[in-house]
Structures are given as structure tokens and as C-alpha cells.
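Below is one structure, written out as C-alpha cells, with a few remarks after it.
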Amino acid sequence: MPPETTAPARATAPVETKDADDLRTLSAGLDRLQSAEGDRRPRWRATVSKVLPPIVLLLALVAAWQFAVVIAAPRPDIAPGPVHVAGALGDAWESGRLQEAVLTSLERGVIGFLIAIAIGTPLGLLLAEWKPLRRAAGPLISGLTVLPSVAWVPAAIIWFGLSDATVYFVILMGAIPSIVNGLLSGIDQVPPQLRRVGTVLGASRWQLATVVVLPAALPGYVAGLKQGWAFSWRSLMAAEIITVGGSIGFGLGSMLNQSRELADLASVLGTILLILAIGILIELAIFGPLERRMLRSRGFVVGGDR
């Protein structure tokens, strides 16, 4: 009897080893499939494939605009062409107004956005970990997200006067709800097994929130940051257009409002295009690469790489 019982045990060992090798091979194959195919392409070719299409579209739109102006020949003060708009921006550059407006708005936007992150991130974690507070404040946060930031401008002027505090208040009221909602959405998608593993390993509630939950919720959090920046930029422009005078400096919104008062449509269009270009540039230079890198590190295929 003993020989009959030991022989099958020795026979199953190679089978188990073979199964483990097969599983490793299968896992490696799946990881390979999840890796972006573009990773094998030269970096310059991947960069060109991403940058070239929007540039070609932009040039085509500008060419169509100029062609329409040449054909219709409207009055330049009613329908200026790209040449007139570029000339207005060139005049603003020579006078130093353009540099001052861009630097002032960028400084306010970045500082306001960083303050919004510093407030919105712990607030989002607190709401996620404390369910009664989330049930109470959740609808209010969602309501603030859809409330136009420009609605806060009159109240902010009454509270803070014509000062930078008014601008920063409007930025915060626009950005913080988006950051909180993005973080909550990301935390809701964290698998509950991660929390259980952290609890079994002895993590405290604070460690669970900061070491386990927050890293796992990064996709939703980064999406919330991206939306928060968009709301910050919009809120800043609304505040700068409406609040003029006092100790408020000269930003892009002030430049846009000043051009409107002078009925300088070429300068108005040039400022609008500049505001749009700065928003797109920050999206492409900061949030786009950050989001792609994070998604690739988690095995996701980024939409632009397909």
C-alpha cells in the first residue's frame, strides 16, 4: 500500500509546475496585450502624430477665415481677419499690455488652483470616509458644481471689495466642488478588497485614506483636477471681466473688457483666442501627459494611442 500512495504525489509535482508556468506565460501575454502598441514606436514619431493633427486643423481654420475675409471684404471694424487680429496682438505686445495681462492672469490662476487643491483634497477624503457628512453635504457639493462661478462675483465684491481676494474667492468657489466630486468618484470605484487588505495589515483609518484609497483613486482624482483647472480658468476670466478698478491688476479679462469698451473687435478676438490658447496649452503640457502616464502605469490603453 505505501508505494501506491507515494507514486501519484511524485507524479503531480511536475504537472503543478507546468500549470504554474502556463499561468505565468498567460499572464505575461495578457500584460503584453495591455501594453500600448505605440510604446514600440520612436518617441519623435509618437509626438508628431499627436501634435500634427491639431496644428493642421488650426492652420486650415485660419486659412478659411482669411479666405472668407478676402472674398467678402467686410469692414475690418465689424469682421476683422486673422491679419488684423495678429496686428492687434502685436500692438498690445509692443505696449507691454499683453505680457502684463498674461502674467497677471496666469499667476492668479495657478495660485488659486493650488489653494483649491489644498482645500478640496482633504475635504473630499473627509466626505468619502465619513458617510453621514457625505450624505449631508453631497447634494450641496453637486449643486455648487453646476452653479456658474460668475454668480459669486457680486457677493464677492460686496464682501472683499475690488481686490485680489474677490478674484481668488470666485476661483475657489468654481474649482473646489469639481475637485471634491472627482475625488469622490474615484474613491467610489476603489475595489473594497483593497480596504480589507489594508485593515488586515493593520493600517489606521488615516493610513487607509492616504496610503491605500487615495493612490487607488488617482484616475478619478486627476480627472477632477483637470476639470477643476478648467473651472478655475473660467472663473478667473469671469471675475476679471466684471471687477475693474481698485487694487485689481490688469489681467486678460481686464484686457478683454477694455477692448470691448474701445469697440476694438480685432483686439477682442485676439484676447479670446489667447485665453483659449493658454487653456489648451496647459491641458496639453500638464494634464494630458500626467493622465496618459498614470493610465499606462495601470495597464489601460489611452484613447489617443489607439
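Need the full-extension length gain, residue 162 to residue 196, defined as separation in residues times 0.36 nm minus the C-alpha distance. One decimal, nm. Intermediate values should be presented prior to the final figure.
On the way: separation 34, 0.36 × 34 = 12.24 nm, distance 5.15 nm.
That pair, residue 162 and residue 196, stretches by 7.1 nm at full extension.
If I compute solvent accessible area with a 1.4 Å probe over the protein chains, what percent of it on region 214-306 is carbon and sulfur?
Exposed carbon and sulfur together represent 66 percent of the surface.
What whole-number value in Å² describes the accessible area per residue of region 195-306 for a 1.4 Å probe?
Accessible area per residue: 53 Å².
Using alpha carbons only, how many angstrom separate the centre of region 249-295 from the centre of region 88-117?
Going from one Cα centre to the other spans 9 Å.
Provide the FRET efficiency to the nearest 0.05 for the residue 106-residue 203 pair, computing r from the beta carbons and using R0 = 45 Å.
Values: r = 40 Å, r/R0 = 0.89.
Calculated value: 0.65.
Give me the 1.4 Å probe accessible area per residue for region 51-130, excluding ligands and nucleic acids, in Å².
Values: 4790 Å² over 80 residues.
For region 51-130, the per-residue accessible area is 60 Å².
Going by the alpha-carbon gyration tensor, a ≥ b ≥ c the square roots of its eigenvalues, is region 50-192 rounded (a/c under 1.5) or, if a/c is not under 1.5, prolate (a/b greater than b/c) versus oblate?
prolate
Which order do peptides 171-180, 126-135 fall in by mean Cβ count within 10 Å, highest first?
Highest to lowest by the protection proxy: 171-180, 126-135.
Computed over the Cα atoms of region 221-272, what is the convex hull's projected area averaged over all directions, in nm²?
Projected area, direction-averaged: 4.2 nm².
In Å, what Rg and Dmax follow from the Cα atoms of region 197-306?
Over region 197-306's Cα set, Rg and Dmax evaluate to 20.7, 68 Å.
The values are calculated or read from the model by the stated rules, or taken from the named source; none is laboratory data. Note that the coordinates shown come from a computational prediction; the quantities given were computed from them, not determined experimentally. We place every Cβ from the backbone using ideal geometry, glycine too, and count neighbours over all the protein chains shown. Side chains are part of the model used for accessible areas, which takes the heavy atoms of the whole protein and leaves out ligands, DNA and RNA. Shrake-Rupley method; radii C 1.70, N 1.55, O 1.52, S 1.80 Å.
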